[in-house]
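Below: one structure, written as structure tokens.
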Amino acid sequence: MGFDLKRELEREGIFLEESFFRCSEIFAKELLNYSKTHNITALDSIEEIYENIFDSIYPLKFLGSLKSLLDIGTGAGFPGLVLSFALRESEVFLSEPIMKRSAFLYLIKIKCSLDNVKILNKRVEQIEPFFVDLITSRAVTDTKRLLELGRAFCKEDTLFLFYKGEGIESEKEFLKNIDHRIYKRDKRRYLIIKGCYDF
């Protein structure tokens, strides 16, 4: 049966250009192939990869337009690289210090002609600061640490988007004093935080 990415996105009111789906197909096939040798993901089917692409793109339902984003710890491409397929007019910066992962990101950048993507092969703490509209991260570290890591790239109206699981309940106390919103989808919790914080 498979996972019909286009149908599932359109069911959520997310309508994307054909170039997004072409890129997603290239990405899924290349990720499976590349990971056989370099082991950069535990995903082992096209369907699983498409489900993760859907997960990465879902927040477009509630995000406004943005000119730039920084993804902290992009890994095999979720969510930052995948978001770049849909946000062709936005500058997308991908921070990934591990060489075998960043090499894969470069491969997809070339194969999909992603002129809007810049790959930063270093830890986010080592990157010369610049401001972006959105800072994203999935499965890297806790919220407080992510806000600290993103601080140098944050301006007054910057949004943080963190892809969390049900474990976000353990961060409830911390989030009490943070301007945030949580969007739920199945076991996923999309955490949106507005503005910069100093701890």
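FYI, it's all coordinate maths here, none of it is from the lab. No experiment lies behind these values; they were computed from the predicted model shown. All Cβ positions, even for glycine, are placed from backbone atoms using ideal geometry, and neighbour counts span all protein chains on display.
Scanning the stretch 153-199 for residues that are among the hydrophobic types (A, V, I, L, M, F, W, C) and exposed (fewer than 12 other Cβ atoms within 10 Å of the Cβ) returns a single hit, 199.
Of the residues that sit in the stretch 185-199 and are touching a residue at least 40 places away in the same chain (Cβ under 8 Å) and either assigned to a loop (DSSP other than H, G, I, E, B) or of a type in the set (Gly, Ala, Ser) (or both), which one is farthest from residue 63 (Cα to Cα)? Let's see the steps before the verdict.
Applying the first criterion (touching a residue at least 40 places away in the same chain (Cβ under 8 Å)) to the stretch 185-199 yields 185, 188, 190-193, 195-199.
Those still in the list that are either assigned to a loop (DSSP other than H, G, I, E, B) or of a type in the set (Gly, Ala, Ser) (or both) too: 195-199.
On the way: 195: 15, 196: 18, 197: 20, 198: 24, 199: 26 Å.
Selected residue: 199.
Of the residues making up the stretch 44-52, at least one is assigned to a helix (DSSP H, G or I), crowded, with 19+ Cβ neighbours inside 10 Å and of a type in the set (Val, Ile, Thr). Could you check the stretch 1-43 and list, in sequence order, the residues that are surrounded by fewer than 15 Cβ atoms within 10 Å (Cβ to Cβ), assigned to a helix (DSSP H, G or I) and polar (S, T, N, Q)? Answer for the stretch 1-43, where residues must be surrounded by fewer than 15 Cβ atoms within 10 Å (Cβ to Cβ), assigned to a helix (DSSP H, G or I) and polar (S, T, N, Q): 19, 33, 37. Restricting 49, 53, 14, 40 to residues that are out of contact with any strand residue (DSSP E or B) (no Cβ under 8 Å at 6 or more places or on another chain) and more than 16 Å from residue 75 (Cβ to Cβ) narrows the list to 14. Among the numbered conditions (1) crowded, with 16+ Cβ neighbours inside 10 Å; (2) among the aliphatic types (A, V, I, L, M); (3) out of contact with any Leu (no Cβ under 6 Å at 6 or more places or on another chain), the only one that residue 119 does not meet is (3).
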